[in-house]
Amino acid sequence: MRRWIMRLIGAMLAILCLLLGLFLWRPGLLLGLPGSPLSQSQTLAPSSLILDQQGRLLYEIMDPHTGSHRPLAFAEIPLPLRQAIIATEDATFYHNPGVDPVAIARALWINWRSGEIRSGASTITQQVARNLLMPAEERHAQTWQRKARESLLAYYLTRTMTKDDILALYLNETYFGNLAFGVEAAARAYFGKPASQLDLAECALLAGLPQSPSAYNPLTNLPAAKQRQQVVLQLMVKAGYITAERADMAYREPLQFASAPLDIQAPHFCMLVREQLTDLLGEETLRRGGLRVYTTLALDLQRAAEAQVRRHLAQLNEPTPDAPVHNVHNAAVVVLDPHDGAVRVMVGSPDYFDPSIDGAVNATLALRQPGSAIKPVTYAAALSQGYYSPATVFADVRSSFTTREGRPYVPINYDYR
């Protein structure tokens, strides 16, 4: 009974949107429906290129449909991932007629109170309609006309496609960050494996990315990604897909990040550049292609730093009579130009594609103690303020300092000497 009521309300809203669209925007209401010139005139644009400071190629941002993008059949997409997306993006997906009347009413109230469009109440079907059936210049317009036509298109899709097919379209076309369009590409970009092998914890993490791929990127901001993963798991519990105990187990599961090999130089740097481009220009601009992005990176210095990282790690893990094996397998390097702060080198790990060390995680952005790297800054500040002079003597002896929490802290070197 509830389903028929929802459909009736949805039909009434669709008619209302149609009338509103005819009144506000008569010429363009039906533009973009399947079979119209818009859906048949899409052409491939030149790829965008990320270049170093001398114009040498670091990475080519290709159209996702010409590269490794591989749409999955609905049955190939793991059930926990489908459930996580529905719980997060559109809890009434299988019951609504393409639009969510309750969410629309709530959004109308919020927008009326604020005097501007702050909430869009977009369902999964509306997102598919917006991203696949609307031109780029209209897609991100914050107008009532666009919202009315989006709702009509969503209602049209619901009448002409099954819900499973609409959900598959969403999961195969959505951008998940880290150069990944679709769940198959996302599974390989973050975890180095096909989507069919994802477990609940990994599915929940991926389901939280579409809202803001750069803000929740686990490779550059793991705490934010984990918080978002927890929200997704809680929504799955609320929807009745999983128990609270299972959600807690998934949240506490350690994540192992990896990435499928790409033809890319300075991968951590390029991923960071792409995130900044998305924030500055928008995802649609990047997808259209044709950009030449000149960066501050010096490719020769980058390669030298990568080689030095590998050599130094090998030395640390080679036993000698004078020093033990340090069991160190990861390292990171950032080189800044002291004149303007430009990033010349960024090595986020010794191997971006090594899952055993979470190589895809950019350790240069991780929060950790600076160690002895801070000593020159500390001494320079002390000298410039006149607290010490070049003649000041410091005793190299074991010292204990009391922390704010009242616990003793004894600094030691990494070689325990």
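The values are calculated or read from the model by the stated rules, or taken from the named source; none is laboratory data. Nothing here was measured: the structure is a model prediction, and the numbers come from that model. Backbone-built Cβ (ideal geometry, glycine too); neighbour counts: all protein chains shown. Just so you know, the surface numbers come from the protein's heavy atoms only, side chains and all, with ligands and any DNA or RNA stripped out. Shrake-Rupley method; radii C 1.70, N 1.55, O 1.52, S 1.80 Å.
Considering only region 147-183, state which residues are open to solvent by 10 Å² or more (accessible area, probe 1.4 Å), outside any helix (DSSP H, G or I) and closer than 15 Å to ILE124 by Cβ.
Scanning region 147-183 gives MET161, THR162, THR174, TYR175.
Could you tell me whether any residue of region 251-261 is surrounded by fewer than 24 Cβ atoms within 10 Å (Cβ to Cβ), among the polar types (S, T, N, Q) and without any contact (Cβ under 8 Å) to a residue 24 or more places away in the chain?
no
Hey, can you tell me all the residues within region 25-60 that are modelled with pLDDT under 90 and on the phi > 0 side of the Ramachandran plot?
Residues satisfying the conditions are GLY32, GLY35.
Just to be sure before I move on: is LEU313 open to solvent by less than 40 Å² (accessible area, probe 1.4 Å) and more than 26 Å from ILE50 (Cα to Cα) in the structure I sent?
Answer is yes for this residue.
Please verify whether ALA395 is modelled with pLDDT under 90, in a loop (DSSP other than H, G, I, E, B) and farther than 30 Å from VAL334 by Cα, treating the condition exactly as stated.
yes
Given the conditions (1) at pLDDT 90 or above; (2) closer than 22 Å to ILE264 by Cα; (3) open to solvent by less than 80 Å² (accessible area, probe 1.4 Å), report the number of the one that ASP358 does not fulfil.
Going through (1) at pLDDT 90 or above; (2) closer than 22 Å to ILE264 by Cα; (3) open to solvent by less than 80 Å² (accessible area, probe 1.4 Å) one by one, ASP358 breaks only (1).
Is there a residue in region 61-73 that is part of a loop (DSSP other than H, G, I, E, B), at pLDDT 90 or above, of a type in the set (A, V, I, L, M) and open to solvent by 40 Å² or more (accessible area, probe 1.4 Å)?
Checked against the condition, which is being part of a loop (DSSP other than H, G, I, E, B), at pLDDT 90 or above, of a type in the set (A, V, I, L, M) and open to solvent by 40 Å² or more (accessible area, probe 1.4 Å), region 61-73 yields at least one hit.
Would you say PHE353 is of a type in the set (Phe, Trp, Tyr) and loosely packed, with under 10 Cβ neighbours inside 10 Å?
No; evaluated as a whole, the condition is false for this residue.
Any idea which residue in region 212-241 is surrounded by the most Cβ atoms within 10 Å (Cβ to Cβ), counting only those that are part of a loop (DSSP other than H, G, I, E, B) and free of Cβ contacts under 8 Å to residues at least 60 places away in the same chain?
Here the answer is TYR216.
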